[in-house]
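Heads up, the thing below is written out as structure tokens.
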Amino acid sequence: MTILLGSIADDYTGASDLANTLTKNGLRTVQTVGIPDPTLALPDVDAVVVSLKIRSVAADEAVAAAGKADRWLRDRGAAHVLYKICSTFDSTDEGNIGPVTEALSRAAGGGIVLVTPAFPETGRTVYLGHLFVNGQPLNESPLKDHPLNPMRDANLVRVLVRQSRGSVGLLDLPTIAAGPAAVTSRLDLLRGRGMTAAIADAISERDLETLGEVALKTPVSTGASGLGLGLARAVARSARTSTANAATAEAIRPVGGLSAIVAGSCSAATLRQLEVAERSMPVLRLDTEKLLKGADEISAAVSWAGERIADGPVVIAASASPEVVSRLQSQYGREASGHAIETATATVASELVARGVKRLVVAGGETSGATVDRLAIPAFLIGPEIAPGVPVLRTVGNAQGDMLLALKSGNFGGEDFFGAALSMMR
Ligand SMILES: Nc1ncnc2c1ncn2[C@@H]1O[C@H](COP(=O)(O)OP(=O)(O)O)[C@@H](O)[C@H]1O
Ligand SMILES: O=C(O)[C@@H](O)C(=O)COP(=O)(O)O
């Protein structure tokens with residue numbers, strides 16, 4: 001297998017979002033969980049997205065993990081590797097978007113890296129280096145209250161500079177509108193001025209196609225699914241792969257079994273989706289105070305689910321409003337509470353799988369990472385899209401047998417996401 005496009009994703013929901021975009025734009029794609037074991041039989045694909053859980057870890061740890069994934073991808077022919085970050089640029093000033101981007105670039109021989117989180121299909125646009133989320137500046141959007149990475153600055157040039165050793169330039173919209181040649185010469189100019197990264201504006205698919213075409217000629221880029229779209233279309237044009245949706249029917253062959261939803265995302269979209277789910281499914285809201293004090297809350301949740309799950313899907317959620325989250329964090333600390341809750345939701349999910357759940361929806365990036373790790377799932381095939389950025393996933397090489405999952409980024413999906421997801425997972 002020669003990989004036409006490689007990617008390293010900083011979390012698992014983000015990986016499935018990107019894998020969905022690559023698939024929709026013609027690339028046969030597999031999502032691996034970490035670097036696959038050599039014994040795992042992977043399907044023949046055009047693109048591999050290696051999912052890592054490094055969004056919220058120390059930068060040196062992220063650099064080391066991404067470096068290993070990069071070598072694995074390059075050894076299998078990937079000439080270009082996209083570092084998939086969140087479309088809302090989730091990171092802190094100690095975050096790793098800058099350090100990983102610089103390390104991947106150094107490993108590939110240096111140069112300037114094109115960076116853009118734009119993903120217009122989900123309302124993420126970048127203009128003059130400022131990120132907008134559904135029309136609101138990032139720092140005024142619900143992301144200002146993210147439990148782990150509160151985003152308080154919409155100026156991404158400034159955000160990236162704070163995380164980087166090198167300096168960061170801007171590829172503005174008029175340059176991008178002028179087409180690939182203009183973008184390439186502007187990048188050359190910025191590189192000549194010693195810049196190691198450039199934040200690229202993008203408000204439409206056309207901008208992303210231009211950026212994808214330019215980025216593909218370089219060894220590394222950093223961005224979200226929007227840049228993935230541009231890269232996939234450029235790869236499809238150059239390698240003459242199909243431009244049709246590459247999702248396979250195999251990916252959604254029914255698996256039967258029971259179904260459940262586990263949520264740890266506290267994003268505005270997930271909170272609304274939980275309210276809507278309450279109208280049609282039993283929903284258990286975990287008492288996170290109790291959860292942090294001991295394991296009883298987990299076993300209580302598992303027995304609550306056990307009494308109901310034979311009759312239909314159940315929902316178990318730790319998710320809470322920004323006020324409740326910040327109260328808990330001031331008592332137990334941000335990282336400690338986040339980590340303890342992720343461990344709890346992953347434990348609940350694995351107990352439910354042990355009781356026959358084969359169709360599982362998980363809401364939240366860190367929450368999904370902890371759950372997929374706990375279930376030790378090695379890889380996923382990409383099925384059809386449930387909502388922009390969220391595909392149905394079918395496990396590959398799973399010890400518990402085939403399962404269908406949906407890993408929902410906190411901010412993605414319409415109000416009825418949970419019902420819509422389960423109706424596509426049989
Ligand atoms: N009630 C709560 N109080 C504090 N933190 C919480 C609560 N519920 C969930 N969390 C934590 O918030 C974080 C949400 O992050 P994540 O799962 O990535 O969601 P998203 O996709 O919305 O970013 C996780 O670390 C999760 O454990
Ligand atoms: O790019 C995106 O917005 C998503 O793919 C993503 O990474 C979201 O992260 P979580 O909300 O933490 O799942």
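The values are calculated or read from the model by the stated rules, or taken from the named source; none is laboratory data. All figures in this text were calculated on a predicted structure; none of them were measured in a lab. Positions of Cβ are backbone-derived with ideal geometry, glycine not excepted, and every protein chain shown enters the neighbour counts. To get the accessible areas, we keep the full protein, side chains included, count just its heavy atoms, and leave off ligands, DNA and RNA. Shrake-Rupley method; radii C 1.70, N 1.55, O 1.52, S 1.80 Å.
See the values below:
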read-out: Qualifying residue in region 75-90 (condition: open to solvent by less than 20 Å² (accessible area, probe 1.4 Å), more than 22 Å from T21 (Cα to Cα) and modelled with pLDDT of 95 or more); value: no
read-out: Residue that is within 16 Å of ligand 1 (Cβ to nearest atom) and out of contact with any Ser or Thr (no Cβ under 7 Å at 6 or more places or on another chain), where the choices are G369, G383; value: G369
read-out: Residues of region 147-157 satisfying the condition of being open to solvent by 20 Å² or more (accessible area, probe 1.4 Å) and in contact with a Gly (Cβ under 8 Å, 6 or more places away or on another chain); value: P147, L148, N155, V157
read-out: Condition check for E351: open to solvent by 20 Å² or more (accessible area, probe 1.4 Å), on the phi < 0 side of the Ramachandran plot, within 14 Å of ligand 2 (Cβ to nearest atom) and out of contact with any His (no Cβ under 8 Å at 6 or more places or on another chain); value: no
read-out: Top-ranked residue of region 96-119 - restricted to ones that are assigned to a loop (DSSP other than H, G, I, E, B) and within 16 Å of ligand 1 (Cβ to nearest atom), ranked as farthest from D70 (Cα to Cα); value: P117
read-out: Residues that are more than 25 Å from G333 (Cα to Cα) and open to solvent by less than 40 Å² (accessible area, probe 1.4 Å), drawn from region 256-296; value: G256, S259, A260, I261, Q273, L274, V276, A277, M281, V283
read-out: Test result for A268, under 25 Å from the mean Cα position of the chain (by Cα) and within 16 Å of ligand 1 (Cβ to nearest atom); value: yes
read-out: Qualifying residue in region 409-426 (condition: touching a Phe, Trp or Tyr at 6+ places or on another chain (Cβ under 6 Å) and within 12 Å of ligand 2 (Cβ to nearest atom)); value: no
read-out: In region 1-27, the residues that are assigned to a loop (DSSP other than H, G, I, E, B) and of a type in the set (G, A, S); value: G26
read-out: Unmet criterion (only one of (1) in contact with a Pro (Cβ under 7 Å, 6 or more places away or on another chain); (2) under 25 Å from A62 (Cβ atoms); (3) surrounded by fewer than 24 Cβ atoms within 10 Å (Cβ to Cβ); (4) touching a residue at least 60 places away in the same chain (Cβ under 8 Å)) for S204; value: (2)
read-out: Among the candidates D17, D46, D10, residue that is surrounded by fewer than 24 Cβ atoms within 10 Å (Cβ to Cβ) and either farther than 16 Å from A65 by Cβ or at pLDDT 95 or above (or both); value: D46
read-out: Test: residue in region 385-396 that is of a type in the set (A, V, I, L, M) and either surrounded by fewer than 19 Cβ atoms within 10 Å (Cβ to Cβ) or under 21 Å from A354 (Cβ atoms) (or both); value: yes
read-out: Matching entry among V353, V348, V362, V325 (being away from ligand 1 (no atom under 13 Å from the Cβ) and not hydroxyl-bearing (S, T, Y)); value: V353
read-out: Criterion: under 16 Å from T222 (Cα atoms) and touching a Lys or Arg at 6+ places or on another chain (Cβ under 6 Å) - qualifying residue of S91, S87, S51; value: S87
read-out: Identity of the residue in region 66-95, outside any helix (DSSP H, G or I), away from ligand 1 (no atom under 16 Å from the Cβ) and hydrophobic (A, V, I, L, M, F, W, C), that ends up nearest to the chain's Cα centre (by Cα); value: L82
